[in-house]
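Q: Let me give you the structure first, and then I'll get to my questions.
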Amino acid sequence: MAPSQIQVAISSLQRLLNEENSYYKEQEQQESRIAKLEKDKTDADGNREFTLRQERQALEETKKVIPTLRERITSAREKLENMLDTAGNDEERETAVQVLKAAKEQQKDDPVAGVST
């Protein structure tokens, strides 16, 4: 049996939330690597400046992805909120409510999301 529209919306929002978490983890790892490279002044292989430049570029690219991803999360969250009345059963509805709570919590300090606590 094919998944219902609300199940697809739930899965989509969960995937986007997981993706956002992974980008934040990646950002932290990149910042840590940059700090380590900046702190370590040795240049044994003559590659330090190049590596540092590459890490900074990767960090900037990661930071550029996050706002777009947050907009997609907001859109998916709003879509799911609008679909709550179409839940086929209580289990679907409860799952949707839990995912929406998680999304709102994750975006509580995000001015783009428009979620206020």
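The values are calculated or read from the model by the stated rules, or taken from the named source; none is laboratory data. On a predicted model such as this, the values are computed, not experimentally measured, just so you know. Cβ coordinates were reconstructed from backbone atoms using ideal geometry, including for glycine residues, and neighbour counts include every protein chain displayed. We work out accessible area using only protein heavy atoms, side chains counted, and drop any ligands, DNA or RNA first. Shrake-Rupley method; radii C 1.70, N 1.55, O 1.52, S 1.80 Å.
Q: Yes or no: the range 23-45 includes at least one residue that is in a helix (DSSP H, G or I), closer than 28 Å to residue 5 by Cα and open to solvent by 50 Å² or more (accessible area, probe 1.4 Å).
A: Taking every residue of the range 23-45 in turn, at least one turns out to be in a helix (DSSP H, G or I), closer than 28 Å to residue 5 by Cα and open to solvent by 50 Å² or more (accessible area, probe 1.4 Å).
Q: Okay, next question. In the range 80-88, is there at least one residue being at pLDDT 90 or above and among the charged types (D, E, K, R)?
A: Yes: one or more hits.
Q: Is the range 68-89 home to any residue that is surrounded by fewer than 16 Cβ atoms within 10 Å (Cβ to Cβ), outside any helix (DSSP H, G or I) and of a type outside the set (A, V, I, L, M)?
A: yes
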